[in-house]
Amino acid sequence: MRRVRQWQPALRDSAQWAQIACYRARMHATVVVFPGSNADAEMIHTLRDVVQVRTEVAWHRDAELPAGTDLVAIPGGFSYGDYLRCGAIAKVSPIVAAIRRHVDRGGAVLGVCNGFQILTEAGLLPGALTRNLHLRFECRDIFVKPVSEGPFTSGLPRVLRLPIAHAEGRYQAAPDVLASLEKDGLVALRYCDSAGAITEDANPNGSLSSIAGIYGGPKKNVLGLMPHPERMSEPLVGYSDGRAIFDAIVRSMARSSRPAAQLSAAS
Amino acid sequence: MKATVFVRLKREVLDPQGDAIKRALSVLGFEGVRDVRVGKLVEIEFDDEAPKSPDQIKTELAKMADELLANPVIEDARIELSPAAQK
């Protein structure tokens with residue numbers, strides 16, 4: 001039988017483990033569904049059954065997120081049929097106004113693929129995602145390298161294998177925007193080869209500076225990325241590297257949540 | 001009143017679609033094509049029942065282009081206004 005590489009978080013001590021387990025039991029994720037979303041089922045499954053956090057679903061017309069939402073996940077797909085531009089129509093839906101308020105409060109938001117496109121269109125992340133360099137819909141596994149510390153990327157393996165499935169994923173930004181992203185450590189993930197080398201060949205869509213994902217929000221609380229971590233999060237599908245991103249956000253939110261901090265102080 | 005909004009990729013943004021069309025044109029035997037860029041054309045008709053001044057409409061169109069029709073990060077918009085009679 002083929003041995004499947006499974007990512008295991010390195011836990012320094014059992015108090016930390018207890019804090020995270022305790023937080024995981026209370027954490028509340030919301031998956032936002034637009035007409036045309038098509039990766040919502042795997043996002044819900046991964047959060048609910050693999051990461052094992054309470055997961056609710058919000059519809060694009062909802063004016064508010066479910067009360068107590070800690071993490072908002074915007075899944076991939078073709079919201080509103082990609083009319084006008086990917087994510088352009090979605091950005092005016094009532095739920096995006098609620099997501100904007102969540103971001104301003106420091107709430108965590110994960111946008112995958114079309115979710116990333118919606119976040120850039122809404123101005124919650126800088127730059128834009130444009131037609132892939134070679135005009136192909138790229139549907140295959142690639143490798144990414146975390147290049148900045150943050151709530152979604154701290155403690156990740158050096159290289160992650162993740163699937164992509166997009167035609168419009170070429171990250172573009174004005175030179176001054178790119179310079180400030182680099183300076184502020186907001187580039188979260190870059191495409192690389194299996195050994196972690198960032199090369200032109202390993203860049204599947206011609207993204208500027210091999211950018212696969214970027215951070216935004218007041219506290220790096222927003223992450224947009226083109227690859228689909230929710231589609232590679234359990235050994236059943238061959239690799240589970242994507243799970244590391246979900247575990248990272250649970251760890252980071254556990255650390256910053258007050259009741260859990262009290263628990264850790266008491267132990 | 002009718003307006004036409006031309007949305008084009010900014011000069012500095014690579015247009016792979018335009019490049020593909022350029023190659024296809026050369027396959028068809030068209031020579032001397034230096035560059036092809038693809039954009040969008042959005043036609044907007046205004047309600048004649050509630051007429052607005054051309055200045056008002058122009059301001060509104062600029063806002064429409066900025067907020068929705070074009071993505072200012074990668075695209076430029078040019079607006080043309082024409083009386084409805086000409087449509």
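Rule-based calculations on the coordinates, nothing more; no lab input. Since the model is a prediction, treat every value here as computed from it, not as a measurement. Methodologically, a virtual Cβ is constructed for each residue, glycine included, from the backbone with ideal geometry; neighbour enumeration extends over all protein chains shown.
Between B:GLU43 and A:GLU56, what FRET efficiency follows from the Cβ-Cβ distance if R0 is 45 Å, with the result rounded to 0.05?
Between B:GLU43 and A:GLU56 the formula returns 0.65.
Cα to Cα, under 19 Å, and not fewer than 8 places away if on the same chain: which aspartates and glutamates meet these conditions relative to A:LYS219?
Reachable aspartates and glutamates: A:ASP70, A:ASP104, A:GLU149, A:GLU182, A:ASP184, A:ASP247.
Once phi is turned into ³J(HN,Hα) by the Karplus curve 6.51 cos²θ - 1.76 cosθ + 1.60 with θ = phi - 60°, what whole-Hz value does each residue of segment B:61-68 show in order, with x for glycine and proline?
Each residue's phi maps through the Karplus curve to give 5, 4, 5, 4, 5, 5, 8, 9 Hz.
Label-point separation (nm) for A:ALA197 and A:HIS134, each offset 7 Å from Cα along Cα-to-Cβ?
Result for the modelled spin labels: 1.9 nm.
Which of the aspartates and glutamates could be linked to B:LYS52 by a straight reach, that is with a Cα gap under 15 Å, when you skip same-chain ones fewer than 8 residues away?
Hits, sequence-local ones excluded: B:GLU60.
Can you give the % of DSSP beta bridges in segment A:14-266 that are antiparallel, to the nearest 5?
Around 55 percent antiparallel, to the nearest 5.
Taking a 26 Å limit on the Cα-Cα distance, which of the listed pairs A:LYS91/B:LYS58; B:LYS2/B:LYS40; B:LYS2/B:LYS63; A:LYS91/A:LYS183; B:LYS40/B:LYS63 fall beyond it?
Distance filter (> 26 Å) returns A:LYS91/A:LYS183.
Find, among the chymotrypsin sites (Phe, Trp or Tyr not before Pro) in segment A:80-135, those assigned to loop by DSSP (not H, G, I, E, B) with at most 13 other beta-carbon atoms within 10 angstrom.
Within segment A:80-135, the qualifying chymotrypsin sites (Phe, Trp or Tyr not before Pro) (loop, at most 13 other Cβ atoms within 10 Å) are A:TYR83.
Read phi for every residue in segment A:205-220 and hand back ³J(HN,Hα) as whole Hz from Karplus 6.51 cos²θ - 1.76 cosθ + 1.60, θ = phi - 60°, with x for Gly and Pro.
9, x, 4, 4, 6, 6, 6, 10, x, 10, 9, x, x, x, 10, 6
I'd like the Karplus ³J(HN,Hα) series for segment A:26-34: coefficients 6.51, -1.76, 1.60, θ = phi - 60°, whole numbers in Hz, and an x wherever there's a Gly or Pro.
Per residue, the Karplus-derived 3J(HN,Hα) values read 9, 5, 10, 9, 10, 9, 9, 10, 10 Hz.
Grab the DSSP H runs of the protein assembly as shown that are 4 residues or longer, score each as -39,500 (n - 2.57), total them, divide by all residues and round the 222 nm result to the nearest 500 deg cm²/dmol.
Here the helix-only value at 222 nm equals -8000 deg cm²/dmol.
Expressed as a rounded percentage, what relative contact order does chain B have, with Cα pairs under 8 Å and six or more residues apart?
Worked out over chain B, it gives 52 percent.
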